[in-house]
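Down below is the structure, laid out as structure tokens.
The values are calculated or read from the model by the stated rules, or taken from the named source; none is laboratory data. Since we're looking at a predicted model, the values are computed, not measured. As a convention, Cβ positions derive from the backbone with ideal geometry for all residues, glycine included, and neighbour counts pool all protein chains shown.
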Amino acid sequence: MSIFKKATNTMAFAKVGILGFAGSGKTRTATEIAIGLHKALDSKKPIGFVDTETGSEFVLPLFQNHGIEMMVSKTRAFRDLAEALREAPSIFDIMIVDSVSHFWVDIIESYRKKKNVNRLSFQDWAILKPMWSNDFATPFVTSALHIIVCGRAGFEYDYFEGDDGKMELYKTGTKMKAEGEFGFEPSLLIEMERIKNPEATESYKEAKTRDAKMKAAKQMMTEREFVRMATVLKDRSDIMDGKIFYNPSYEDFAPHWQSINIGGEHKPLEPGDSTELFDREGRPDWVIAKKRATIALEELKAEIDKVYPSSSAKEKQARIKLMEKVFGTSSATKIEGTSYMLLEEGLRRIKDIIGVPENTLDNVSAGIIIEPPTEDVPINGAEAV
């Protein structure tokens, strides 16, 4: 059966990431989106809030003004975040996580302290990253839950060659302070910034008299000197990339909500993995097959050497006939390139031909009938009749 099927929109839940520096409006924007989703869904359930920064207390009045109950878990422990993702779909339609950066710090620091080391090695990251992916990143995408994740912003750096030929470190952008790949998971990624209110600032600059400046200053106080600017860094629907909004609301991101199949079947990823490709020791199929082929070839040589130990012309000819009968060729190179299954079957046939009972062989598959020899093959130095 083919792994392909007719394409349909099976992304039924919003997966939103919001990053920004302190005071940029992450929590407020997450709240605006959560309230908007709650109304759009006509949800009767409370909204969940996993809070690491006590931000839930300051936005609680907003939820109360809209008659929405909020349930909160105040924690910075990664294990609590993993449990929240398992528990939330049965309680909420919508959940906010603010800030996910603390959970990434916790899993790193908890591991470091438990191991009693100051710095982590490459092997340590190979343990931590899969834990993050399995317990957070994958459930974030696949869970039947609208999730809005806030994270602190951090600068990205890169080296460039300066005019003097020396490599210099420069800031090249911002990213969410979390596991390095997490920015790829949200279907809508928003960066928040706190900036001067363009309208208020211009009106003050344009004032020519003292009275006009006082009036403009009062207006700035009314309208706020600063505003929160949202830039859409990523929109999977490719409709809103690069769009900018000031003091954003749920409605500002309407094109994205319309691009997902809210209320439909949510199946962004097919279940299952590839664990069957490995044995209990973590060896992949090809390694196992190669080892079995090597063992079969060694046993083949040992069995034939028992019967034809010398290098006489007669025994060399007998070896050739035996190989041609069992494998259809006497080429050592071709036989060595044969699959382990054919090599093991050939080994069983050879053991049978030279007189070893089939029921004493290792790995004999039930139901396999070993053909007896149909032509003269020398056995133990004598001619078989």
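Identify, please: which residue in segment 253-310 is part of a loop (DSSP other than H, G, I, E, B), modelled with pLDDT of 85 or more and of a type outside the set (A, V, I, L, M, F, W, C) and is, among those, farthest from residue 147 (Cα to Cα)? For segment 253-310, the residue satisfying everything is 310. Note on segment 240-288: among residues that are surrounded by 14 or more Cβ atoms within 10 Å (Cβ to Cβ) and of a type in the set (A, V, I, L, M), the one that is farthest from residue 7 (Cα to Cα) is 288. So is residue 66 more than 26 Å from residue 134 (Cβ to Cβ), modelled with pLDDT of 95 or more, in contact with a strand residue (DSSP E or B) (Cβ under 7 Å, 6 or more places away or on another chain) and in the same structural domain as residue 262 (by TED's automatic domain parsing) or not? So residue 66 fails the test.
Number of residues in segment 64-76 that are of a type outside the set (Val, Ile, Thr) and closer than 22 Å to residue 102 by Cβ equals 5.
Considering segment 29-56, and only residues there that are closer than 15 Å to residue 150 by Cβ and of a type in the set (D, E, K, R), the residue that is surrounded by the fewest Cβ atoms within 10 Å (Cβ to Cβ) turns out to be 53.
Scanning segment 234-290 for residues that are touching a residue at least 24 places away in the same chain (Cβ under 8 Å), under 30 Å from residue 195 (Cβ atoms) and either outside the structural domain of residue 139 (by TED's automatic domain parsing) or of a type in the set (D, E, K, R) (or both) yields 234, 235, 236, 251.
In summary, helices (runs of 4 or more DSSP H) completely within segment 15-115 and bearing 1 or more residues that are farther than 27 Å from residue 195 by Cα, touching a Leu at 6+ places or on another chain (Cβ under 9 Å) and of a type outside the set (A, V, I, L, M) occur at 100-115.
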